[in-house]
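The values are calculated or read from the model by the stated rules, or taken from the named source; none is laboratory data. The structure displayed is predicted, hence computed values, not measured ones. Positions of Cβ are backbone-derived with ideal geometry, glycine not excepted, and every protein chain shown enters the neighbour counts. SASA here: full protein model, heavy atoms, side chains in, ligands and nucleic acids out. Shrake-Rupley method; radii C 1.70, N 1.55, O 1.52, S 1.80 Å.
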Amino acid sequence: MKSIVLLSGGLDSAVCLAYGLTETKVELALTFNYGQRSATREIQAAAALANYYGVKHRVIDLPWLAEITTTSLVNEEENIPEPMGPELDYIPTAKATAAAVWVPNRNGLFVNIAACFAETLNCQLVVAGFNREEAATFPDNTPEFVTAASTAMAYSTANQVKVVSFTNRLNKKEIVALGHRLGVPWDLIWSCYHGGDKMCGRCESCQRMMRAFTSQGLDLPATLVYNG
């Protein structure tokens, strides 16, 4: 089967790309720029990963999405939440941090754009990097979302494109373990909400990634600076 991979350059999408290459013929990796603070670093990471794996890469600009959202991922006047330790698994806090970084219909939009490319390139699959941890507070990371998106695409694409996520039922620890087995080049990834020279080590995305690497006894990516 052939696939289109959504590649943000982060932990989950990097592992999905690596695994996807073992299960499918990846025709294209797509990265989206919707004005997020980390856009430049995400694009650089995704391009580096695509080059490493020999996959064609394309960036899709969505400037209008930044215009209609107040998310802290885009709006620099809003502070990006920095939950620590047990707060990552405390649902009331996690829901609050999720709300602060929510972008309207982002994953719904991304998989549908990818489906356009999939149909045109005669690919059967759109591969997305979702995970069980964030599915607790992000409904567009859940298996139910994947199933619903595939059901809709059975009507909206001529070749009945399906959405899959090879990490959907895994937590971050399990995703790191899978990526380690697959030999993912961790120093190429970018899993931070900010766009500095190094990953901040404080935002939720960094915190979840760091916890996962530490639990596996692995070195943290060189692109991360830990300020804790």
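Helix 143-156 axis versus longest C-alpha principal axis of the chain: approximately 30°, rounded to the nearest ten.
Using the Cα atoms of segment 140-228 to build a convex hull, what is its mean projected area in square nanometres?
Working: hull surface 29.1 nm².
Mean shadow area of the hull around the Cα atoms is 7.3 nm².
How much accessible area per residue does the chain have, in Å², with a 1.4 Å probe?
Numbers: 10350 Å² over 228 residues.
Here the per-residue accessible area is 45 Å².
The residue 182 and residue 78 beta-carbon pair, evaluated with R₀ = 45 Å, returns a calculated FRET efficiency of approximately 0.80.
Summarise the accessible area of the chain (1.4 Å probe, protein heavy atoms) by the percent that is carbon and sulfur. Display every interim value, and only then the final one.
Values: 5320 of 10350 Å².
About 51 percent, which is the carbon plus sulfur part of the accessible surface.
Computed about its Cα centre, the charge dipole of segment 56-118 is approximately 460 debye, with only Lys, Arg, Asp and Glu carrying charge at their Cβ. Rounded to the nearest 10 degrees, what's the angle between the helix 172-182 long axis and the longest principal axis of the chain, both from Cα atoms, 0 to 90? Between the helix axis and the principal axis of the chain, the angle is about 60 degrees. Note on residue 70/residue 169: beta-carbon distance plugged into 1/(1 + (r/R0)^6) with R0 of 25 Å gives a FRET efficiency of 0.20.
Within the chain, all pairs of alpha-carbon atoms sorted by distance into 10 Å bins from zero give the percentages 8, 34, 40, 15, 1, 0. Note on residue 116 and residue 51: with the Förster distance fixed at 35 Å, the Cβ-Cβ geometry gives a FRET efficiency of about 0.90. Computed packing ranks the peptides 59-69, 202-212 as 202-212, 59-69, most packed first, by mean other Cβ atoms within 10 Å.
Reported to the nearest whole Å, the Cα centre-to-centre distance from segment 152-195 to segment 5-42 is 8. Rounded to the nearest 10 degrees, the inclination of helix 106-120 to the longest alpha-carbon principal axis of the chain is 30 degrees.
Evaluate the relative contact order of the chain (contact order divided by residue number), counting alpha-carbon pairs under 8 angstrom at least 6 apart; express in whole percent.
Details: 437 pairs, mean separation 57.6, N = 228.
Relative contact order comes out at 25 percent.
What is segment 170-212 by shape, rounded, prolate or oblate, if you read a ≥ b ≥ c off the alpha carbon gyration tensor as root eigenvalues and call it rounded for a/c under 1.5, prolate for a/b larger than b/c, and oblate otherwise?
Numbers: a/c = 3.20, a/b = 1.51, b/c = 2.12.
Here segment 170-212 falls in the oblate category.
With +1 on each Lys and Arg Cβ and -1 on each Asp and Glu Cβ, how big is the dipole of the chain about its Cα centre, in debye rounded to the nearest 20?
Roughly 580 debye, rounded to the nearest 20.
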